[in-house]
Amino acid sequence: MANRPNFLHDPTPDLEARAIFAEDYESLGFVMNLSFLWSHQPAALHGLLGLARQVAEEGGITPRQRFLIVLASSAARESKYCVLAWQRKFPGLLEPASIAGIVDGVAPIAGLEASEQALVTWVRLCVERPTATRHEDVEILRAAGYSDRQIFAVTVFAALRMAFATVNDALGAEPDDELRAAGS
C-alpha cells in the first residue's frame with residue numbers, strides 16, 4: 001500500500017480498516033487520506049466520531065447545525081480538511097456564500113438565521129479562547145432559542161471535532177486531491 005500524505009507509514013489494514021476504506025469508496029469514490037491515518041486504530045475513529053454523533057443526536061443538533069459547527073471550528077483552527085470533506089459529503093446543506101462567510105470569519109454571514117449566527121460565534125469562541133467564554137455568551141445562545149441541553153451538545157460536539165482535527169493536523173493528514181478539486 002502506498003504511503004499517504006501524512007507523517008505515519010500506512011499500517012497493514014485489518015478488517016475494521018478495510019471497512020472504513022470501503023465506506024469511503026462507496027460514499028466518495030476514493031479512500032480519504034485521513035482514513036489511512038486512522039487505520040492505525042479504527043476503534044478510536046469509531047469511538048470518537050460515534051460519541052460526537054451520539055451527543056449531537058441526543059442534544060437535538062441537526063445535520064445543518066453540525067455542518068455549521070464543523071465549519072466554524074475548522075475555520076477557527078485554519079484547518080481545511082473537514083471543510084472540504086463536509087462540503088463533498090453534504091452538498092447543498094449550506095449555500096456556498098454561507099460556507100465562504102464562515103470560513104473567512106465574516107459577520108454577519110449571508111444566508112444564516114440569527115440563531116445560526118449565534119451558534120457560529122459561540123463555536124469560534126470555544127475553539128479560539130475557551131477560557132474566555134462568559135455567562136453572557138451562553139445567554140446569547142439561550143436568547144437565540146437554544147436550550148441548555150443543546151448548548152451542552154454543541155459545545156461537546158465542537159470539542160470532539162477538535163480532537164479529531166487535532167489528530168489529523170498533528171500527524172500531517174493533507175486534504176485529498178479529490179476534495180481540493182471539488183472545493184475549487
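Quick note: the coordinates plus some simple rules give every number you see, no bench work behind them. Just so you know, these numbers come straight off a predicted model, no measurement behind them. Virtual Cβ from ideal backbone geometry, glycine too; neighbours counted across all protein chains shown.
Between HIS9 and GLU26, the simple label model (points 7 Å from Cα in the Cβ direction) yields a spacing of 3.1 nm. A dipole drawn for the chain from +1 and -1 charges on Cβ atoms has a positive end, and of LEU119, LEU179, ALA19 the residue lying farthest that way is LEU119.
Sorting 126-137, 19-30 by average packing, meaning the other beta carbons within 10 Å per residue, from highest down gives 19-30, 126-137. The distance linking region 32-93 with region 115-170 is 15 Å (Cα centroid to Cα centroid, whole angstrom). Set against the labelled values [x] 48, 45, 26; [y] 47, 39, 29; [z] 52, 32, 26, Cα extents along the principal axes in Å computed from this structure falls on [z]. The distance between label points at HIS40 and ASP104 comes to 3.7 nm (points 7 Å beyond Cα on the Cα→Cβ vector). Each residue of region 112-127 is assigned a 3J(HN,Hα), and the resulting list reads 9, 6, 4, 5, 6, 4, 5, 4, 4, 4, 4, 4, 4, 5, 4, 7 Hz, derived from the Karplus form 6.51 cos²θ - 1.76 cosθ + 1.60 (θ = phi - 60°), x at Gly and Pro.
By the count of other C-beta atoms within 10 Å, a proxy for reagent exposure, ILE99, ILE109 are ordered fewest to most as ILE99, ILE109.
Give me the extension gain from ALA163 to ALA181: residue separation times 0.36 nm, minus the current Cα-Cα distance, reported in nm with one decimal.
3.9 nm
Rounded to the nearest 20 debye, the dipole magnitude of the chain is 220 debye, with +1 charges on Lys and Arg beta carbons, -1 on Asp and Glu beta carbons, and the Cα centre as origin. Using θ = phi - 60° in the Karplus curve 6.51 cos²θ - 1.76 cosθ + 1.60, the 3J(HN,Hα) couplings for region 47-63 round to x, 5, 6, x, 5, 4, 4, 4, 4, 5, 5, 5, x, x, 8, 6, x Hz; x is entered for Gly and Pro.
Multiplying the residue separation of ALA19 and GLU128 by 0.36 nm and subtracting their alpha-carbon distance yields 35.8 nm.
From the helices alone, meaning DSSP H stretches of at least four residues, give me the mean residue ellipticity at 222 nm for the chain, per-run term -39500 (n - 2.57), in deg cm²/dmol to the nearest 500.
Working: 10 runs with 124 residues, N = 184.
Value at 222 nm, helices only: -21000 deg cm²/dmol.
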